[in-house]
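Asker: Shown below is the structure under consideration.
Laboratory data are not the source of any read-out in this text; all were calculated from the coordinates shown. Quick caveat: nothing in here was measured; it's all calculated off a predicted structure. Cβ sites come from the backbone with ideal geometry, for glycine too, and all protein chains shown count toward neighbours.
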Amino acid sequence: MSPRLHSVRERRYTNLYDSVDVPSLQSWQHLFGNTNIGHYERCNLQIAGQTPGDQTLVIVNIYVRTNICRQPKMSVGAAEVVRDAFLEGDDQRAIGMMIQECQWERTAVAKAFDQWAHTAVVEFQIGSSIAASMNAFDLMSGPALGPGSVPDGPLLKDDDDKDIRLPWRKQFGIPFVVPVRQNFGVRVTSNPNALAALQRALQLGPDVIIPAPLVWVHLEGLESRDIQ
């Protein structure tokens, strides 16, 4: 006889993603639909626009990544060192640390990508309502709950009065809740001129990007369900 659990709430970390193929990207495109289901390098949903079964989805972070170019990313500790060096007047040390940590990529493709990302709008939809609307560039800070994203020292509780935010609050003040069997999706709207410049730069670039020049949008958070 198999064991049964009753009145238990299961919570699991989840990180859902879907992607757009930039060379064929239109001025707007809907993600987390049927297009990429089954292609796990592109999308890890099993059912378009929903989580399977009786899962409640709690989204605490939305972020964007790409294989088109490397994006500068600096740890909290390195950013503090750079800030202190500038305040102390040691500009050479600060700039050296920025170059070392960020690893800026100064290519025509990277420039065109940044110009596109600054103007591209990412809208997170729950049902027929828009829950959040931000530009793609501001969402390129990576996962909030993954490795390297947790600040040094113990995490503070929600009711702590100290002026330090929990990691996932770098994006939202409160999480977004997607109820059981409620559909969700993401809409990416591109500025036509910026998108056309990026697509031209990719055609002229010397390197082949495998499997294709892609931009992924991630929905990071928790899946929760009650075991009756």
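Asker: Say each of THR35 and LEU204 gets a label point 7 Å from the Cα, pointing the same way as Cα to Cβ; how far apart are those two points in nm?
Answerer: 2.6
Asker: Same structure, new question: Provide the packing ranking of 127-135, 214-222, i.e. peptides ordered by the mean count of other C-beta atoms within 10 Å per residue, highest first.
Answerer: Details: 127-135: 12.3, 214-222: 21.4.
Packing order, densest peptide first, comes out as 214-222, 127-135.
Asker: Next up: How much length would be gained if the chain were fully extended between PHE86 and SER129, taking 0.36 nm per residue of separation minus their Cα-Cα distance, in nm to one decimal?
Answerer: Computed gain between PHE86 and SER129 is 11.1 nm.
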